[in-house]
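S.K.: Quick one: the structure is below, questions incoming.
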Amino acid sequence: MKIKKEFFPYFEKAGRKQIYYPSDLIYMQEDEADLIYLIIKGKVKVYVMNSNGKEVTMDILQEGQIFGESAFITDAKRPTTIEALTHVELLACYPTQLYPYFQQSQEFMVAIFQSLSQTCDYLTNMIKRSYTYNRYEKIIAFLLGRMDLHQSSIINYTHEEIASILGLSRVTVTKVLNEFVKEGLIEIRYKSLIIKDKKKLYSLLYK
């Protein structure tokens, strides 16, 4: 889920603003997990390095999403590397700095816990998607998942970004999306697309 803008001031009071540029590393896999981050502008890529030294993209996060949740665990290490894809503005804070605001706003505390839970659900669904879905189902599951996450029918991801997250080629993603356009399921725009028939997409995924 995205953190509501009405909760941004809690992060502003608790932490500090950080700015990164494309290709900057915010933190690396196995770094000490100390800070939690809220994206207020831009996109970041979440990835891991496998035993062969190959980069495996886990997700691409946008404005309103948080990352670095492992900071809530004492003496934890970062399980992933985070890299800026665009000009990125973040609010970074220590979990202990957020705790007083949990007492002030139960709704804020619930929003953070829901975000943590959603991260766990996302990882579970990613495993399911990787091993049980074909290319059409992978793309549909991604589109529906982002629609629910951002509460919007506009999906602000490029074909290349979708391909990177799903482990598919860009050519494959473009071909499938074009088929969906012909069926009236989506509309493609510059660096984004619009879901036109959510019900039909669900029926294709859960047939």
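S.K.: Which whole-number percent is the relative contact order of the chain (Cα, under 8 Å, 6+ apart)?
M.R.: Numbers: 334 pairs, mean separation 43.7, N = 207.
So the answer I get is 21 percent.
S.K.: A further question on this structure: For a quick check: sort Lys45, Lys54 by the number of other beta carbons within 10 angstrom, fewest at the front. Write out the running numbers ahead of the final one.
M.R.: On the way: Lys45 21, Lys54 9.
So the residues, fewest neighbours to most, are Lys54, Lys45.
S.K.: Shifting gears a bit: Quick one: of Lys45/Lys175; Lys17/Lys54; Lys4/Lys41; Lys5/Lys77; Lys175/Lys198; Lys138/Lys207, which pairs are farther than 22 Å apart, Cα to Cα? Present the calculation step by step, with values, prior to reporting the outcome.
M.R.: Numbers: Lys45/Lys175 24 Å; Lys17/Lys54 31 Å; Lys4/Lys41 14 Å; Lys5/Lys77 29 Å; Lys175/Lys198 19 Å; Lys138/Lys207 14 Å.
Over 22 Å apart, Cα to Cα: Lys45/Lys175; Lys17/Lys54; Lys5/Lys77.
S.K.: Quick one: helix 106-132 against the long Cα principal axis of the chain, what's the angle to the nearest 10°, folded into 0 to 90?
M.R.: 40 degrees
S.K.: Also, I was wondering about something else. Run the helix sum for the chain: -39,500 (n - 2.57) per DSSP H stretch of 4+ residues, divided by residue count, reported at 222 nm to the nearest 500 deg cm²/dmol. If you can, show how the numbers build up before the last one.
M.R.: Numbers: 7 runs with 89 residues, N = 207.
The per-residue figure over the chain is -13500 deg cm²/dmol.
S.K.: With the cut-off at 1.5 for a/c, could you classify the range 5-105 from its C-alpha gyration tensor as rounded, prolate or oblate? Present the calculation step by step, with values, prior to reporting the outcome.
M.R.: Numbers: a/c = 2.45, a/b = 1.45, b/c = 1.69.
Oblate, because a/c is 1.5 or more while a/b does not exceed b/c.
S.K.: Does the range 133-205 come out rounded, prolate or oblate by the C-alpha gyration tensor, with a ≥ b ≥ c the root eigenvalues, rounded set by a/c under 1.5 and, if not, prolate when a/b is larger than b/c and oblate if not?
M.R.: On the way: a/c = 1.26, a/b = 1.16, b/c = 1.09.
Verdict is rounded for the range 133-205.
S.K.: Which of Ile19, Ile165 comes first, and how do the rest follow, when ranked by fewest Cβ neighbours within 10 Å? Write out the running numbers ahead of the final one.
M.R.: Details: Ile19 12, Ile165 22.
Going from least to most buried by this count: Ile19, Ile165.
S.K.: Projecting each Cα onto the charge dipole of the chain (Lys/Arg +1, Asp/Glu -1 at the beta carbon, about the Cα centre), which of Phe8, Leu123, Met147 comes out farthest on the positive side?
M.R.: Checked the options; the winner is Met147.
S.K.: Still on this structure: What ranking do His150, His159 get, fewest neighbouring Cβ atoms within 10 angstrom at the top?
M.R.: Details: His150 17, His159 21.
By the 10 Å Cβ count, ascending: His150, His159.
S.K.: Further question on the same structure: Along the charge dipole of the chain, Cβ charges K/R +1 and D/E -1, which of Ala111, His159, Gly64 sits furthest on the positive end?
M.R.: His159
S.K.: Between the range 125-152 and the range 9-30, how many Å separate their Cα centres?
M.R.: Taking the Cα centre of the range 9-30 as reference, the centre of the range 125-152 is 27 Å away.
S.K.: How big is the charge dipole of the chain about its Cα centre, in debye rounded to the nearest 20, if each Lys and Arg gets +1 on its Cβ and each Asp and Glu gets -1 on its Cβ? Write down the numbers at each step before the final one.
M.R.: Numbers: 27 positive and 24 negative charges, 180 e Å.
Here the size comes out at about 860 debye.
Every number here is computed from the coordinates shown, using simple stated rules; none is lab data. Source: prediction; values computed, not measured. Note that we place each Cβ from the backbone using ideal geometry, even for glycine, and neighbour counts take in every protein chain shown.
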